[in-house]
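Inspection log for the structure reproduced underneath, given as structure tokens.
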2 protein chains.
Amino acid sequence: MDEKIQIAHGSGGKLSSQLIDNEIVFRFGNGPLKGLPDAAMLKGFKNNIIFSTDSYVVHPYEFPGGNIGNLAVHGTVNDVSVAGGKPKWLSLGMILEEGLPIKTLQKILDTIKESAEECGVKIVTGDTKVVAKGQCDGIYINTAGIGEAIDGFNLDKNLIKENDCIIVSGNIGDHGMAVLSAREGINIKNGPLSDTGSVHRLVQKIQPYADNIKFVRDPTRGGVASVLNEIVSNTSIGAILDSEKIPVAPGTNSISELLGIDILSVACEGRMLLICSESVSNDILTEWKKFPEGKDAAIIGKINNDKGRVTLSTVTGGTRLVDVPMGELLPRIC
Amino acid sequence: MDEKIQIAHGSGGKLSSQLIDNEIVFRFGNGPLKGLPDAAMLKGFKNNIIFSTDSYVVHPYEFPGGNIGNLAVHGTVNDVSVAGGKPKWLSLGMILEEGLPIKTLQKILDTIKESAEECGVKIVTGDTKVVAKGQCDGIYINTAGIGEAIDGFNLDKNLIKENDCIIVSGNIGDHGMAVLSAREGINIKNGPLSDTGSVHRLVQKIQPYADNIKFVRDPTRGGVASVLNEIVSNTSIGAILDSEKIPVAPGTNSISELLGIDILSVACEGRMLLICSESVSNDILTEWKKFPEGKDAAIIGKINNDKGRVTLSTVTGGTRLVDVPMGELLPRIC
């Protein structure tokens, strides 16, 4: 099938209805309440609700390890998760460029369906717009996510103090380097593969340690460097990372060294960064390592009293400042 | 100030943070739970939840009567409302084109703030992406909305039967014709003015009549024609509209006659179409007319037994079929 998206697919007329019926409702159903095509009714919340949204404009929309579809599911599932929520429902808003092959759209929607099922979330409401050629780069997706607050978490970065441990759940920088490689046509054997994936199980598993967990976040745009700088900036604490402890996949490492890009500033899309009391750090590490998505987890550093600064101890025994880039290293990685 | 949006405003680095702090948090605050910049925690739902989303790509993004900002608030507030919900929370996802004047962004954000306040909803979470020049047409916005289900509504189009009344809450087609006029540079005195606005009060006001209300919808893309055709298609019922009863503003009427556009297919963005038992139709009309947004409300037709067809009785005493356009009359009107 060589059909392409036409402007009329976004018009609200017959072609729109066909697209919705054949591609969206066919995959995701009609939402929890039939007869409400523009909204969903969600039942049975006992706790507070966590609500988050992200728009995805990744370029290219297909990359080693994933595409914009699973990225849009994982990204929002992760945002809800690291806010201490159990993700349950997603909305799906798509902006399509005239001329996008229907086959591409189908592939992306299949990926969305598959990853939503893996994450235990349902796509319950959505919207599709079409713009003319040259007014969008293929496809942009927005997802908004609703989850139920998990009991026990009291995440507050103001509770972070000296000697707390910094843990990441796996190799860092894979997503950013995979997208960059795809964009620039860098084809090397065993090159970087996006880590796009969900952290919802990792969050739910550490609930028993919630009292001693101060902070969790998915280090996306700006990477680990951005997240840590955001935490310590204008405070009396700092962070020191141990370069030998930071997990980095060989393919990702090669490309970042080749291009002179600081891997600490590169986005992950399936990782968690966590800060906790030292007393529970090894227990959390042990729990995480039981999951495929946590097998490379590592304690990569500590909170210290280095007012507002993030530093890295290098292999040669020195230290260097880990700053946040002012400009843009890798635009449109998510 | 002549600053413009740069790619780095979307990078997750310092310029991103400045944009978020100075333009977003400055207007909307930090969400109900501080320390969760990527999500919001929402409390105190007793009933079921209504969830809806829309992406807005209207061109031009400013038009007589509004801009993409209030459209993005009203559209989603209305989707939640016509699903029987009381809108409470909105997410705000923006895709900005490099080069967009910061002043324009500020104006749009001010409009969002103002219309959210009018509708009694809070912007609680959001996301901002920037794409290069030529990869988006100025600004695209996604809003997702959460509301609480209003007791008593049992909206189900399968309950619609012969002799039920069709009511609209005001003049139809204003939004579509206002956007078209702006796009095509049609400048006439007293020309069409977008009806972008919220119907949430109109929904909440008719709760006492809920038992006899079968259907409510905001007739956006495809207008009244699309909504009615969707209801009757493949059923044993039909709909007959009375052309003399349909409220149309003079400026909108002139332009649509000039261009030969069927006003029944043109989008409204602040109107409701309701189908109810005849017994409560006059009561609903009376209630609606008490509000500025309902002052032009009218009973425009009835459900009949004309299997799957929507017809219009014309001024000359004839009738004509009201069909749904296959293609695209007015792309990007929302």
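The values are calculated or read from the model by the stated rules, or taken from the named source; none is laboratory data. Note that this is a predicted model, so its numbers are computed, not measured. Backbone-built Cβ (ideal geometry, glycine too); neighbour counts: all protein chains shown.
Being at the interface with another protein chain (Cβ under 9 Å from one of its Cβ atoms) and modelled with pLDDT of 95 or more is the requirement here; does B:N142 meet it? When the stated conditions are applied, B:N142 passes them. The conditions are (1) crowded, with 24+ Cβ neighbours inside 10 Å; (2) of a type in the set (A, V, I, L, M); (3) not assigned by TED's automatic domain parsing to the domain that holds A:F51, and A:A144 fails exactly one of them. Which is it? The number of the failed condition is (3). Only a single item in (1) crowded, with 19+ Cβ neighbours inside 10 Å; (2) assigned by TED's automatic domain parsing to the domain that holds B:I68 is not met by B:K133, and it is number (1).
Looking across region B:62-81 at every residue that is under 20 Å from B:I95 (Cβ atoms), over 10 Å from the mean Cα position of the chain (by Cα) and of a type outside the set (V, I, T), the one that is surrounded by the most Cβ atoms within 10 Å (Cβ to Cβ) is identified as B:G69.
For region B:146-166, a tally of residues being more than 8 Å from chain A (Cβ to nearest Cβ) and in a strand (DSSP E or B) returns 4.
A single member of B:L100, B:L71 is out of contact with any Leu (no Cβ under 7 Å at 6 or more places or on another chain), of a type in the set (A, V, I, L, M) and farther than 21 Å from B:F51 by Cβ, and it is B:L100. Can you find a residue in region A:68-88 that is farther than 17 Å from A:I150 by Cβ, in a strand (DSSP E or B) and in contact with a Phe, Trp or Tyr (Cβ under 8 Å, 6 or more places away or on another chain)? No: region A:68-88 contains no residue that is farther than 17 Å from A:I150 by Cβ, in a strand (DSSP E or B) and in contact with a Phe, Trp or Tyr (Cβ under 8 Å, 6 or more places away or on another chain).
Of the residues making up region A:229-252, those that are surrounded by 23 or more Cβ atoms within 10 Å (Cβ to Cβ) and within 23 Å of A:V179 (Cα to Cα) number 1.
B:Q204 falls short on exactly one of the conditions (1) more than 28 Å from B:I284 (Cα to Cα); (2) in contact with a strand residue (DSSP E or B) (Cβ under 7 Å, 6 or more places away or on another chain); (3) polar (S, T, N, Q), and that condition is (1). In this structure, does A:A178 turn out to be buried (at least 22 other Cβ atoms within 10 Å of the Cβ) and not assigned by TED's automatic domain parsing to the domain that holds A:E62? Judged against the criteria, A:A178 is a match. Here A:I112 fulfils each of the conditions (1) in a loop (DSSP other than H, G, I, E, B); (2) closer than 30 Å to B:K157 by Cβ; (3) modelled with pLDDT of 95 or more apart from (1).
The residues listed here are B:L274, B:L259, B:L312; of these, the one that is under 30 Å from A:G10 (Cα atoms), away from chain A (no Cβ under 14 Å) and surrounded by fewer than 14 Cβ atoms within 10 Å (Cβ to Cβ) is B:L259. Could you list, in sequence order, the residues of region B:42-64 that are modelled with pLDDT of 95 or more and among the small types (G, A, S)? Passing the criteria: only B:S55.
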